[in-house]
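The next block holds one structure in the form of structure tokens; read it before the comments.
Here, each number is a calculation from the coordinates, and none is a lab measurement. Since this is a predicted model, take the numbers as computed values, not measurements. Methodologically, a virtual Cβ is constructed for each residue, glycine included, from the backbone with ideal geometry; neighbour enumeration extends over all protein chains shown.
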Amino acid sequence: METLSKLFGSEAKVKIMRLFLFNPDHTFDTGDIAERAKVDIARVRKEMNVLDKIGLVRTRTNARGGKGYVLNQQFSYLAPLQNFLINVEPLHPKEIVKKISKLGSIKLVLVAGVFIQEPESRADLLIVGDHVKKGSLEHTIKTLESEIGKELRYAYFTTDDFQYRLSMCDKLTRDILDYPHKKILNKLGNI
């Protein structure tokens, strides 16, 4: 993200652009953008003015009758920008492991979907570990979502539950493991 933020002027702008690129038909007001991208509302207003002026977004009246923004599908550089911001690795695997490892005794982290440009994947992230608090996990996922610009599909299992699911050929775990994915942390060894 550091290289992209230098290239595009700020991390906030990259997060906001990704939010619109991953959600092209959704109308967001400044409050929604600030919450989803985890960016200060004043910074959102500043960045949205710039993105509106260059034509990447356009204003639209949202469902509540207020001003909102939507991706301008007619933007001249939309396809190259999408290719660049969506297909560039959204987060370095070390960053993901660092954030998730703080949650507890993490044994396995697999990335798929948005992380490896496989939109048809059943999940984007699989986490296996023990002593993980639900609230902390949800907070970390929200942080990752804000950096990527997309809601993540994820699964979390305790080590015992995961081993049981593997032995039973559970459909969700098989769908994740049998299709393209990348192991970014594996302390289980047998996976």
Exercise for the section: Kindly indicate whether I116 is of a type in the set (A, V, I, L, M) and over 16 Å from I191 (Cβ atoms). Expected result: yes
Fill in the blank from the handout: From the option list K53, K46, K107, K98, single residue qualifying as under 28 Å from N190 (Cα atoms) and either surrounded by fewer than 13 Cβ atoms within 10 Å (Cβ to Cβ) or free of Cβ contacts under 8 Å to residues at least 24 places away in the same chain (or both) is K98
Practice task
Can you give me the number of residues within region 175-184 that are assigned to a helix (DSSP H, G or I) and either among the hydroxyl-bearing types (S, T, Y) or in contact with a Lys or Arg (Cβ under 9 Å, 6 or more places away or on another chain) (or both)?
Solution key: 2
Exercise for the section: Please indicate, with yes or no, whether at least one residue in region 128-151 is in contact with a strand residue (DSSP E or B) (Cβ under 6 Å, 6 or more places away or on another chain), surrounded by 14 or more Cβ atoms within 10 Å (Cβ to Cβ) and among the basic types (K, R). Expected result: no
Practice task
Kindly indicate whether any position in region 52-75 is among the charged types (D, E, K, R), closer than 26 Å to F115 by Cα and touching a Ser or Thr at 6+ places or on another chain (Cβ under 7 Å).
Solution key: no
